[in-house]
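The next block holds one structure in the form of structure tokens; read it before the comments.
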Amino acid sequence: MGATKIRRGNLTLYPNYKLGAELRRTGVFDDELRRLTADAALAAKEFAVKDFYGVDSRTGQIGAYFSSIRGELGHNRKGLRVGLVVADDWKGVLAEKGWTTRSGTVVKGKKILARGGRRAGLRVRAPRKRG
């Protein structure tokens, strides 16, 4: 690969390749990350209105899944700050992964939160399986 230093005339630069990770640990970009996750949550709400908006069979509430979508900040396994788009309603799992009806028909998940993140320009990564 070559040397890690860059020489320009009498100036020598030593690049810090871990600068991005160091900045994400300190929380310098928290405001920008909050803005991006709010944009992703708004895009996910747009998809939820179109694809998964209806009456809750248990409570009779309209749009409970839609109103539970929000953006928040979290940490990944390495301790770096990440933006999360989450839904607190119980139908969030059904909207993302799908379900099987009693008659055996498989209904595919709409992946609403992931599509909202992609529309906002974020890289979407699923959490790793544990176990």
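What the table shows:
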| read-out | value |
| --- | --- |
| Loop-exposed chymotrypsin sites (Phe, Trp or Tyr not before Pro) per DSSP, neighbour cap 13 Cβ within 10 angstrom, longest uninterrupted part of the chain | 18-89 |
| Longest segment of the chain lacking trypsin sites (Lys or Arg not before Pro) that sit in a DSSP loop with at most 11 other Cβ atoms within 10 Å | 19-57 |
| Sulfur and carbon atoms: percent of accessible area, the chain [1.4 Å] | 54 |
| Placed amide H near residue 98: partners under 5 Å, 5+ positions off or other chain | 109, 110 |
| Förster radius 30 Å - calculated FRET efficiency between residue 107 and residue 42 (Cβ-Cβ, nearest 0.05) | 0.70 |
| Percent of alpha-carbon pairs separated by more than 25 Å within the chain | 43 |
| Qualifying lysines (Cα of each under 19 Å from Cα of residue 50; at least 8 residues distant if same chain) | 91, 97, 108, 110, 111 |
| Within straight-line cross-link reach of residue 78, lysines at Cα separation under 25 Å, skipping those fewer than 8 residues along the same chain | 18, 129 |
| Residues in region 61-99 reached by a label modelled at residue 25 [backbone nitrogen below 12 Å; 7 Å Cα→Cβ] | 78-81 |
| For the chain, accessible area per residue (1.4 Å probe, heavy atoms of protein chains only), Å² | 77 |
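The values are calculated or read from the model by the stated rules, or taken from the named source; none is laboratory data. Keep in mind that this is a model prediction, so the values were computed, not measured. FYI the Cβ positions are ideal-geometry reconstructions off the backbone, even for glycines, and counts take in every protein chain you see. Accessible surface is based on the protein model in full, side chains and every heavy atom, while ligands, DNA and RNA are left aside. Shrake-Rupley method; radii C 1.70, N 1.55, O 1.52, S 1.80 Å.
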